[in-house]
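Q: Attaching a single structure in structure tokens format; questions to follow.
The values are calculated or read from the model by the stated rules, or taken from the named source; none is laboratory data. Just so it is clear, the model here is predicted, and its values are computed rather than measured. Cβ placement follows ideal geometry from the backbone for every residue including glycine, while neighbour counts extend to all protein chains displayed.
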């Protein structure tokens, strides 16, 4: 692995390690070492270097929200009355558990969020009672996702 300013060059072994872990973060070091043809200690060292270079920023369990009753995915474009209201609006959005992503954007909206709701009624309640009541939010545009057709990480 070569570090050049903000871009990291990874080699073939790093790619094998990353691909295996992206497929299943619980893959054992032993299994990875066999696939790469290097020792477990070497895999461990490479993982440490990838973490230090911030190529890897953690691992996580992925929960299926539908099984927990969250069947509606929506995206909301949020218009602020003043750009300076962004930090406070984001702080309040952060306190809403259904908001799972929040982006500061260019274009028409100041903020773009992704939310999970149990159904359309839950979505309407969330919009009317929590999101649109935040100081500084002048209006919103909501898009309901009918089906997620692509879900992936960047390829290595």
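Q: If residue 70 passes every condition in (1) in a loop (DSSP other than H, G, I, E, B); (2) closer than 30 Å to residue 30 by Cα; (3) touching a strand residue (DSSP E or B) at 6+ places or on another chain (Cβ under 9 Å) but one, which one does it miss?
A: Evaluating residue 70 over (1) in a loop (DSSP other than H, G, I, E, B); (2) closer than 30 Å to residue 30 by Cα; (3) touching a strand residue (DSSP E or B) at 6+ places or on another chain (Cβ under 9 Å) leaves (2) as the failure.
Q: Suppose the filter is modelled with pLDDT under 95, more than 22 Å from residue 102 (Cβ to Cβ) and either surrounded by 16 or more Cβ atoms within 10 Å (Cβ to Cβ) or touching a strand residue (DSSP E or B) at 6+ places or on another chain (Cβ under 9 Å) (or both); does residue 9 pass it?
A: For residue 9, the condition - modelled with pLDDT under 95, more than 22 Å from residue 102 (Cβ to Cβ) and either surrounded by 16 or more Cβ atoms within 10 Å (Cβ to Cβ) or touching a strand residue (DSSP E or B) at 6+ places or on another chain (Cβ under 9 Å) (or both) - is met.
Q: Failed condition for residue 115, given (1) surrounded by 10 or more Cβ atoms within 10 Å (Cβ to Cβ); (2) under 19 Å from the mean Cα position of the chain (by Cα); (3) at pLDDT below 95, with all others met?
A: If we test residue 115 against (1) surrounded by 10 or more Cβ atoms within 10 Å (Cβ to Cβ); (2) under 19 Å from the mean Cα position of the chain (by Cα); (3) at pLDDT below 95, just (3) comes out false.
Q: Would a scan of segment 20-43 turn up a residue that is more than 21 Å from residue 152 (Cα to Cα), at pLDDT below 95 and either assigned by TED's automatic domain parsing to the domain that holds residue 127 or not in a helix (DSSP H, G or I) (or both)?
A: No, every residue in segment 20-43 fails to be more than 21 Å from residue 152 (Cα to Cα), at pLDDT below 95 and either assigned by TED's automatic domain parsing to the domain that holds residue 127 or not in a helix (DSSP H, G or I) (or both).
Q: Still on this structure, I have one more. Could you tell me how many of the residues in segment 106-136 are farther than 16 Å from residue 69 by Cβ and touching a residue at least 24 places away in the same chain (Cβ under 8 Å)?
A: 13
Q: Just to check your reading of the model, which residue among 16, 56 is in contact (Cβ under 8 Å) with a residue 24 or more places away in the chain and in contact with a helix residue (DSSP H, G or I) (Cβ under 8 Å, 6 or more places away or on another chain)?
A: That would be 56, the only listed residue that is in contact (Cβ under 8 Å) with a residue 24 or more places away in the chain and in contact with a helix residue (DSSP H, G or I) (Cβ under 8 Å, 6 or more places away or on another chain).
To keep it simple, each residue is scored yes or no on (1) over 26 Å from residue 13 (Cβ atoms); (2) not in a loop (DSSP other than H, G, I, E, B).
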{"site": "51", "(1), (2)": "no, yes"}
{"site": "58", "(1), (2)": "no, no"}
{"site": "77", "(1), (2)": "yes, yes"}
{"site": "96", "(1), (2)": "yes, no"}
{"site": "109", "(1), (2)": "yes, no"}
{"site": "125", "(1), (2)": "yes, yes"}
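Q: Same structure, new question: Take the residues in segment 79-90 that are assigned to a helix (DSSP H, G or I) and surrounded by 15 or more Cβ atoms within 10 Å (Cβ to Cβ), then tell me which one is farthest from the chain's Cα centre (by Cα).
A: That would be 85.
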